[in-house]
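Visitor: Dumping the structure here so I can ask a few things about it.
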């Protein structure tokens, strides 16, 4: 499952997209589908994710495969629940 924040307080006009299973293939498919450039994909650090802005961000916000949260905090809380419980 793909999760996305609508508002990122640390980076206005940017959104993060993560996979609940850290599925690189799932993230790459979304990157291509929304037209984000290859540098939008990051697999360095704690978890693989997409950093989206502009048109790619707008497309991802309405993509039916993406569950959107208002804030990064809400996204991370949900992700933690999924990882602890194994379900959403």
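Visitor: Would you be able to tell me the number of residues in the range 1-10 that are touching a strand residue (DSSP E or B) at 6+ places or on another chain (Cβ under 8 Å) and over 16 Å from residue 83 (Cβ atoms)?
Guide: Total meeting the criteria: 6.
Visitor: Given the conditions (1) out of contact with any strand residue (DSSP E or B) (no Cβ under 9 Å at 6 or more places or on another chain); (2) at pLDDT 95 or above, and given that residue 69 satisfies all but one, which numbered condition is not satisfied?
Guide: Every listed condition holds for residue 69 apart from (1).
Visitor: For a quick check of your reading of the model, give me the residue pairs whose first member lies in the range 14-32 and is touching a residue at least 40 places away in the same chain (Cβ under 8 Å), whose second is assigned to a strand (DSSP E or B) and exposed (fewer than 15 other Cβ atoms within 10 Å of the Cβ), with beta-carbon atoms closer than 8 Å and at least 6 apart or on different chains.
Guide: Every condition considered, the pairs that remain are 15/6.
Visitor: Same structure, new question: Residues that are on the phi > 0 side of the Ramachandran plot and loosely packed, with under 12 Cβ neighbours inside 10 Å: list the helices (runs of 4 or more DSSP H) wholly contained in the chain that include at least 1 such residues. Reasoning before the result, please.
Guide: Numbers: elements: 24-34, 54-61, 72-85.
Counting at least 1 such residues, we get 54-61.
Visitor: Name the pairs: first residue in the range 41-64 and in contact (Cβ under 8 Å) with a residue 40 or more places away in the chain, second residue exposed (fewer than 12 other Cβ atoms within 10 Å of the Cβ), Cβ to Cβ under 7 Å, at least 6 apart or on different chains?
Guide: Listed by first residue and then by second, the contacts come to 53/13.
The values are calculated or read from the model by the stated rules, or taken from the named source; none is laboratory data. As the structure is a computational prediction, the values presented were derived from the model and not from experiment. FYI the Cβ positions are ideal-geometry reconstructions off the backbone, even for glycines, and counts take in every protein chain you see.
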